[in-house]
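Only the coordinates and a few stated rules stand behind these numbers; no lab work does. Here the structure is a predicted model, which is why all the values come from computation and not from measurement. With ideal geometry, Cβ positions are generated from the backbone for all residues, glycine too; neighbour counts draw on all protein chains shown.
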Amino acid sequence: MRTAPPRESDFTSRLRSPAVASRVGVALGVCFALAFVTGVVSHWAQAQTWWIPYPTAPAWGYRVTQGLHTLSGIACIPLLLVKLWTVFPRLFQAMARPTTRTGLLQLLERASIAVLVAAAIFQLVTGLANAAQWYPWGFGFIVTHYAMAWVAIGALLVHVAVKLPVIRAALGADVESGALDRPGTAPRSAGLTRRGLLTTTWVAAVVAVLASAGNTVTPLRRVSGLAVRDGEGPQGVPVNKSAESAGVTETARDPGFRFAVVGADRTVELSRAELEAMPQTSATLPIACVEGWSASGEWSGVRVRDLLDLAGVPAGTDVAVQSLQQGGVYTRTTLQGSFADHPDTLLALRLNGEDLDIDHGFPCRVIAPNRPGVLQTKWVRSIEVQA
Ligand SMILES: Nc1nc2c(c(=O)[nH]1)N[C@H]1C(S)=C(S)[C@@H](COP(=O)(O)O)O[C@H]1N2
Ligand SMILES: [Mo]
């Protein structure tokens with residue numbers, strides 16, 4: 001037996017109305033815009049070639065923007081589900097013939113909505129999976145998530161522009177008013193009201209945020225059952241990649257280890273004892289991972305600027321930081337001149353009053369203010385002037 005697809009008028013719930021869709025849509029738009037802007041900031045922080053250099057201050061800047069990025073993305077999940085549910089009947093809307101002007105416009109609008117919905121779902125799914133360090137796909141996460149962000153925000157702008165008259169009318173009228181309802185919408189009766197649905201939606205979004213915010217807002221750790229990092233880790237700081245999984249347990253513990261500063265015309269090698277004998281500086285700085293978790297620590301070690309001076313590297317020079325770890329994307333990173341020269345940028349030897357744990361980068365690691373976690377290179381072997 002073949003069943004016919006439903007028609008728009010088969011959906012009679014009063015909750016599936018422009019009154020609800022536009023209100024949830026505003027919240028969704030705000031969260032999406034926040035995720036977009038903070039996502040662009042994250043690319044700026046990680047790209048080492050943008051025209052305007054990424055600033056070194058405030059030290060906690062990336063912790064805040066990346067925390068907002070993941071949390072606004074998480075808030076989008078319940079909001080998007082409710083939004084899609086309220087507009088679902090539109091999928092079965094009768095269409096004019098595509099040969100007429102109205103038909104063509106309708107077709108174009110539907111195509112832009114298809115792009116918007118697909119891009120939005122893609123962003124939320126890939127972002128969530130990345131935060132859980134689960135990569136069930138074959139493409140590069142960073143490039144794809146970034147490219148789709150532009151697709152999503154473009155489609156969102158088109159959608160808002162097209163719907164502006166409906167949005168304005170809906171927001172201007174009482175939420176329970178039937179003025180904008182689809183034909184066939186049931187009259188008011190007992191059961192969940194539109195206000196009730198909206199309240200439930202806001203509560204769901206807030207609960208989702210609270211359940212994850214402990215990743216980065218330390219006092220919320222106890223209530224954040226969904227946080228991927230609970231603050232556990234040696235020396236009170238979570239670990240992203242262990243020495244074992246990076247394959248550095250032997251090289252990092254080798255007593256013959258020498259750290260090297262490679263200048264244009266001279267190289268200086270230092271053992272860990274020699275590094276310890278240099279003037280030590282302390283700085284309280286966060287590790288702020290792109291995955292959204294962050295934790296603050298009290299780091300101490302040698303100023304990178306002092307090390308560069310030993311090899312005659314002039315101020316303002318971009319340098320490369322090389323890890324003992326072989327292969328992998330984050331084993332060689334650039335430290336821009338403004339970061340290398342900052343008085344709080346350290347080759348850290350100690351964390352929270354103890355020698356650096358091997359999982360935090362023993363014998364030495366880079367820590368700099370306002371720098372994404374991925375660039376805070378662990379098990380540093382050398383700092384080099386780039387050829
Ligand atoms: N050599 C090396 N350094 C690295 C990484 C890595 O995989 N290899 N991971 C980075 C990432 S993604 C983060 S968030 C921080 C985490 O530092 P922690 O493990 O000390 O908290 O280390 C960074 N430094
Ligand atoms: Mo990270």
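For the range 245-292, filtering for residues that are within 16 Å of ligand 1 (Cβ to nearest atom) and within 30 Å of HIS69 (Cα to Cα) leaves 12.
The C-beta contact set for the range 161-186 (first residue assigned to a loop (DSSP other than H, G, I, E, B), second residue polar (S, T, N, Q), distance under 6 angstrom, 6+ apart or interchain) comprises ASP181/SER17; GLY184/SER9; GLY184/THR12; ALA186/THR12.
Taking the range 318-369 on its own, how many of its residues are of a type in the set (Lys, Arg) and closer than 21 Å to GLN46 by Cβ?
Within the range 318-369, the subset of a type in the set (Lys, Arg) is 332, 350, 365.
Narrowing the set further to residues that are closer than 21 Å to GLN46 by Cβ leaves 332, 365.
Of the residues in the range 318-369, 2 are of a type in the set (Lys, Arg) and closer than 21 Å to GLN46 by Cβ.
Based on what the data block shows, is SER212 without any contact (Cβ under 8 Å) to a residue 24 or more places away in the chain, over 15 Å from ASP359 (Cβ atoms), surrounded by 16 or more Cβ atoms within 10 Å (Cβ to Cβ) and of a type in the set (Gly, Ala, Ser)?
Working: without any contact (Cβ under 8 Å) to a residue 24 or more places away in the chain: no; over 15 Å from ASP359 (Cβ atoms): yes; surrounded by 16 or more Cβ atoms within 10 Å (Cβ to Cβ): yes; of a type in the set (Gly, Ala, Ser): yes.
Here the answer is no, as SER212 does not meet what is asked.
How many residues does the range 86-104 contain that are assigned to a helix (DSSP H, G or I) and touching a helix residue (DSSP H, G or I) at 6+ places or on another chain (Cβ under 9 Å)? Of the residues in the range 86-104, 6 are assigned to a helix (DSSP H, G or I) and touching a helix residue (DSSP H, G or I) at 6+ places or on another chain (Cβ under 9 Å). Pairs are defined by a Cβ separation below 7 Å, a sequence spacing of at least 6 or placement on different chains, a first member in the range 20-43 that is more than 10 Å from LEU68 (Cβ to Cβ), and a second member that is surrounded by fewer than 18 Cβ atoms within 10 Å (Cβ to Cβ) and of a type in the set (Ser, Thr, Tyr); the pairs so defined are HIS43/TYR146.
Scanning the range 235-263 for residues that are hydrophobic (A, V, I, L, M, F, W, C) and out of contact with any Gly (no Cβ under 7 Å at 6 or more places or on another chain) gives ALA243, ALA246, VAL248, ALA252, PHE257, PHE259, ALA260, VAL261, VAL262.
Being within 11 Å of ligand 1 (Cβ to nearest atom) and either exposed (fewer than 15 other Cβ atoms within 10 Å of the Cβ) or polar (S, T, N, Q) (or both) is the requirement here; does GLY236 meet it?
Working: within 11 Å of ligand 1 (Cβ to nearest atom): yes; either exposed (fewer than 15 other Cβ atoms within 10 Å of the Cβ) or polar (S, T, N, Q) (or both): yes.
Answer is yes for this residue.
Being within 15 Å of ligand 1 (Cβ to nearest atom), over 21 Å from GLY233 (Cβ atoms) and out of contact with any His (no Cβ under 9 Å at 6 or more places or on another chain) is the requirement here; does ARG332 meet it? Criteria met by ARG332. Scanning the range 263-319 for residues that are more than 16 Å from ligand 2 (Cβ to nearest atom), among the charged types (D, E, K, R) and in contact (Cβ under 8 Å) with a residue 24 or more places away in the chain returns ASP265, ARG266, ARG272, GLU276, GLU298, ARG303, ARG305, ASP306, ASP318. Figure legend. Inter-residue proximity from the range 109-135: first residues without any contact (Cβ under 8 Å) to a residue 24 or more places away in the chain, second residues surrounded by 14 or more Cβ atoms within 10 Å (Cβ to Cβ) and charged (D, E, K, R), beta-carbon distance below 9 Å, spacing 6+ or different chains. Indicated pairs: ARG110/ARG90. A residue that is hydrophobic (A, V, I, L, M, F, W, C) and in contact with a Gly (Cβ under 6 Å, 6 or more places away or on another chain) occurs somewhere in the range 351-372.
Kindly check whether there is at least one residue in the range 300-314 that is closer than 27 Å to THR65 by Cβ, within 13 Å of ligand 1 (Cβ to nearest atom) and not basic (Lys, Arg).
Applying the first criterion (closer than 27 Å to THR65 by Cβ) to the range 300-314 yields 300-301, 303-305.
Among the residues that remain, those that are also within 13 Å of ligand 1 (Cβ to nearest atom) are: none.
Checked against the condition, which is being closer than 27 Å to THR65 by Cβ, within 13 Å of ligand 1 (Cβ to nearest atom) and not basic (Lys, Arg), the range 300-314 yields no hits at all.
Only one of the numbered conditions (1) surrounded by fewer than 20 Cβ atoms within 10 Å (Cβ to Cβ); (2) closer than 30 Å to LEU226 by Cα; (3) of a type in the set (A, V, I, L, M) is violated by LEU310, and that is (2). Would you point out the residue of the range 55-114, among those that are among the polar types (S, T, N, Q) and under 33 Å from the mean Cα position of the chain (by Cα), that is farthest from GLU8 (Cα to Cα)? That would be THR56.
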